[in-house]
Amino acid sequence: MRQGFSGRVAIAGVGMTPLTRRSGRTELDLAVAAARAALEDAALDGGVDAVLSYHLNDSAPVTHVARELGITPLGWHNEIHGGGTQCASILGDAAMLIDAGVARSVLVYRALNGRSGVRMNTASLRLGTGEDFTLPYGMAGPVHAFAHVAQRYLYDRGLDEDALADVVIASRRNAAANPRALRRDPLDRAGYTAAPMVASPLRRADCCQETDGACALVLTSASRAPHAPRVHAVVRGGGPGASDPAGAPDLTRLFSAYVAGPLYDAAGMTPADVDVALLYDAYSFLVPCQESDFGLAGVPVNPHGGLLSEGYVHGLNNVAEAVRQLRGDGVNQVAGAEVALVTGFGGSYGSAAILVSGTARRTGS
């Protein structure tokens, strides 16, 4: 995959619906509302001519969204089967269309009724060729598989539940200032310990929320949106890890261990360049894993509360917050933020992208 894009592609607009536990709206209605907000935010002459989305058979088709928005003629359009793995890599798909001259502007969206409709915690998780050795023992869904990984991660590193509690407490503290967040109530260590266990060592508080809502982005060439945050590098990757526990040589070697080096190389950056990180936090233990792999010691993480506290739009809401941080209107705004790291996760497979402020000097883009 071509990397870098040399600052030629920008995220010109972001839009979201309110995040709820029962929207009372169809996925199509949610998608169109978020898309219209993103288009209004972008304020581009000529609108968009390509539409991309990712889903797990739980969303609105791109052709239906395009029709409702009046996008005619509709050019390139695609629906990618996938969840959290796609929230960063879909930026690369959109950027390639623009970089190759196939599209001038691309609408990207994710819409779902993840609480009142199809719920991820009831969806079976295909765990690879060794399912005969996992399904009979209760590993029937995402939380069971990743609890297994989290337990090993803590054991290998000599950690206990305090390491997870720190992540969740910080997430709630950040979300307190976020009017979009579903979980804004403060949480202390006693409150964390009192949360019911779902699959050891993961308590309910360690698991991201099931959420109704939609998020959308508008990407275009940097020349059309010179001050918008730019997609500087995107890497997809992964290896044999948590998504195939029956055959993994190391359960705790997640996607971030594979993509961190190629990502920094593609961007011509190091961890020291990152000002803010929007990490895919479907489960609390994923945060310290990624912080270590990406070398993010001391970097602000998920200042809006992340998927644990803001809500779960399969990670695209984290990308939207990265854009806000680089524009200077984020939640708990990180002063002087010019470079943001965003990640997407789905077992050992995932993606990551580096976004750079349109006014940043350090990259020369």
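For segment 157-189, give me each residue that is over 15 Å from residue 321 (Cα atoms), without any contact (Cβ under 8 Å) to a residue 24 or more places away in the chain, part of a loop (DSSP other than H, G, I, E, B) and not aliphatic (A, V, I, L, M). Listed by number, the residues that qualify are 157, 158, 160, 185, 186, 188.
Mind listing whichever residues of segment 319-365 are hydrophobic (A, V, I, L, M, F, W, C), closer than 20 Å to residue 290 by Cα and at pLDDT below 95? Scanning segment 319-365 gives a single hit, 345. Where helices (runs of 4 or more DSSP H) fall entirely within segment 280-365, none has at least 3 residues that are hydroxyl-bearing (Ser, Thr, Tyr) and free of Cβ contacts under 8 Å to residues at least 12 places away in the same chain.
Tell me which residues, restricted to segment 198-221, are at pLDDT 95 or above, in a strand (DSSP E or B), more than 17 Å from the chain's Cα centre (by Cα) and not hydroxyl-bearing (Ser, Thr, Tyr). Matches in segment 198-221: 202, 203.
Elements of the type strands (runs of 3 or more DSSP E) sitting completely within segment 43-116 and holding at least 3 residues that are touching a helix residue (DSSP H, G or I) at 6+ places or on another chain (Cβ under 6 Å) and either of a type in the set (Gly, Ala, Ser) or within 18 Å of residue 235 (Cα to Cα) (or both): these cover 50-55. When residues in segment 6-36 are screened for being closer than 20 Å to residue 231 by Cβ, out of contact with any Cys (no Cβ under 7 Å at 6 or more places or on another chain), in a helix (DSSP H, G or I) and modelled with pLDDT of 95 or more, 1 of them pass. The condition of being farther than 17 Å from residue 330 by Cα, touching a Cys at 6+ places or on another chain (Cβ under 9 Å) and among the hydrophobic types (A, V, I, L, M, F, W, C) holds for residue 198. When residue 257 is tested against (1) of a type outside the set (Val, Ile, Thr); (2) modelled with pLDDT under 95; (3) in a helix (DSSP H, G or I); (4) out of contact with any helix residue (DSSP H, G or I) (no Cβ under 8 Å at 6 or more places or on another chain), just one condition goes unmet, and that condition is (4).
The values are calculated or read from the model by the stated rules, or taken from the named source; none is laboratory data. Just so it is clear, the model here is predicted, and its values are computed rather than measured. No Cβ is skipped: glycine too gets one built from the backbone with ideal geometry, and neighbour counts run over all protein chains shown.
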